[in-house]
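The values are calculated or read from the model by the stated rules, or taken from the named source; none is laboratory data. Keep in mind that what you see is a predicted model, and the values were worked out from it rather than measured. Positions of Cβ are generated from backbone atoms using ideal geometry, with glycine treated the same way; all protein chains shown enter the neighbour counts.
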Amino acid sequence: MDTVTYPQKDVQTLIREHFRLMDAIDRQDWAAAKARAPEALRLTAGDLTREPEALYWSAVITYMTSTHHTGLRDGWEFLMRRFPDSDWSKKAEFIRHLH
């Protein structure tokens, strides 16, 4: 997979949206985080550094806004398949040992 390059305007949008998403997560405002996650995923698609982080947090948000842990497990499994060597996959790897 090639490295993604962004026009300057897109970099500013990416940074702004990343901080908005992380702010919602930090405040545990899961409804706001859920609303912002799709844009984070869209903006980071194809970015080997940022997309794994967006996938990681998207799975956490799915878990926190539902009553089932399957969204977390499924999201992290997808992350680990798509980006097996990423730091974010390594953080999520423990879920494979849970039943």
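See the values below:
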quantity: Residue match in the range 45-68 (condition: farther than 27 Å from residue 98 by Cα and either in a helix (DSSP H, G or I) or modelled with pLDDT of 95 or more (or both)); calculated: no
quantity: Residues that are more than 15 Å from residue 57 (Cβ to Cβ) and at pLDDT below 95, drawn from the range 83-99; calculated: 93, 94, 96, 97, 98, 99
quantity: Condition broken by residue 80, with the remaining ones in (1) at pLDDT below 95; (2) under 22 Å from residue 97 (Cβ atoms); (3) touching an Asp or Glu at 6+ places or on another chain (Cβ under 7 Å) satisfied; calculated: (1)
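Every residue, every condition in (1) in contact (Cβ under 8 Å) with a residue 12 or more places away in the chain; (2) on the phi > 0 side of the Ramachandran plot; (3) touching a Pro at 6+ places or on another chain (Cβ under 8 Å), yes or no:
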site	(1), (2), (3)
21	yes, no, no
30	yes, no, no
40	yes, no, no
46	yes, yes, no
79	yes, no, yes
88	yes, no, yes
95	yes, no, no
